[in-house]
Amino acid sequence: MPRRLRRRYARNWERDESLRSLLRDLPAYWNSRPLSRSLTFALIGAKLYHQFMPRFPAGQTLLVDADDTLWENNIYFERAIAAFIGFLDHKEHSPAEVRQALNAVERENILKRGYGLSSFTHSLIECFERLSPGPVTEEKRERVRSFARSISEQEIELLPGVKETLAELGRRHHLILMTKGNQAEQVDKLARSGLAAHFAAVEIVEEKDPSAYRAVIARHELAPHTSWMIGNSPKSDINPALAAGLHAVFLFHKDTWVLEHAEVSAAPEGQHLIELDGFARLSEVF
Ligand SMILES: [Mg+2]
């Protein structure tokens, strides 16, 4: 190895105590546990990934999704749906079948009424009317409405690291909130979250499709090579943003709504797609 390279290698080695100690302890790991060899390679892989992950300079525009990216959202719907399925207590359809029927009703209602609580309430009532074996009384309808109402009574619960990370990102980058759904509900959640001051602009669209992203790019005169969409939904945040020419960061959330599930597209030539396992890790990239 040329001396110059060797010196640089030694300097980096000096600085990186964590990688050094990991490698130093390798023989002990391997001798002590049969599984430790693959675990070690996984750790080294993660470490190298972390070291070589790109970092982007100040001045990027970050479009940030809201529900299940900044704060919990879908878990409240899941609880309401579980309560609904329990109340329906269907003797022929399994809970999974009732859920599938509800998903189908929701898909139809989203086309007619858009996203949000009012649309969801209609879907619950409609699903109840379709599946209920007995007569549907106003009292039962009211009970079903109460499951949906419980969602609106939830406090905003920020996801781990969001408050600090957003403040830090806001000092170096241009932040725009990009969410879909009912205008009044999304504005209310943002106000209650205490995060509104970090955003230079708020975009609430009916559907996050490529044309919605193109419209936002045009409205804010964004340069696609320094603009990113960050969110938890492959269907709404990642794939259409990539199709519109933006870079994207996919933040995995284990409770993402089933209607938002999709295969994550590969990034087109010249665009970046980064996957991270938590909002706080954005400060490693931006
Ligand atoms: Mg989301």
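The values are calculated or read from the model by the stated rules, or taken from the named source; none is laboratory data. This structure is a prediction, so every number in the text was calculated from the model and none was measured. Note that each Cβ is placed from the backbone with ideal geometry, even for glycine, and that neighbours are counted across all protein chains shown.
Take the conditions (1) within 21 Å of Lys163 (Cβ to Cβ); (2) under 16 Å from the mean Cα position of the chain (by Cα); Arg192 misses just one of them, which is (2). The condition (being at pLDDT below 95 and within 24 Å of Pro240 (Cβ to Cβ)) is satisfied by just one residue among Gly134, Gly181: Gly181.
Residue under question is Leu62, and the condition is that it be within 30 Å of Glu164 (Cβ to Cβ) and touching a His at 6+ places or on another chain (Cβ under 8 Å); does it hold? Criteria met by Leu62. In summary, no helices (runs of 4 or more DSSP H) completely within the range 208-286 bear 2 or more residues that are surrounded by fewer than 16 Cβ atoms within 10 Å (Cβ to Cβ), within 16 Å of the ligand (Cβ to nearest atom) and free of Cβ contacts under 8 Å to residues at least 40 places away in the same chain. Screening the candidates Arg79, Arg55, Arg99 for the property of being touching a helix residue (DSSP H, G or I) at 6+ places or on another chain (Cβ under 9 Å), closer than 23 Å to Phe252 by Cβ and either in the same structural domain as Ile204 (by TED's automatic domain parsing) or not in a helix (DSSP H, G or I) (or both) yields one hit, Arg55. Can you spot a residue in the range 153-163 that is of a type outside the set (A, V, I, L, M), part of a helix (DSSP H, G or I) and not assigned by TED's automatic domain parsing to the domain that holds Ala82? Taking every residue of the range 153-163 in turn, at least one turns out to be of a type outside the set (A, V, I, L, M), part of a helix (DSSP H, G or I) and not assigned by TED's automatic domain parsing to the domain that holds Ala82.
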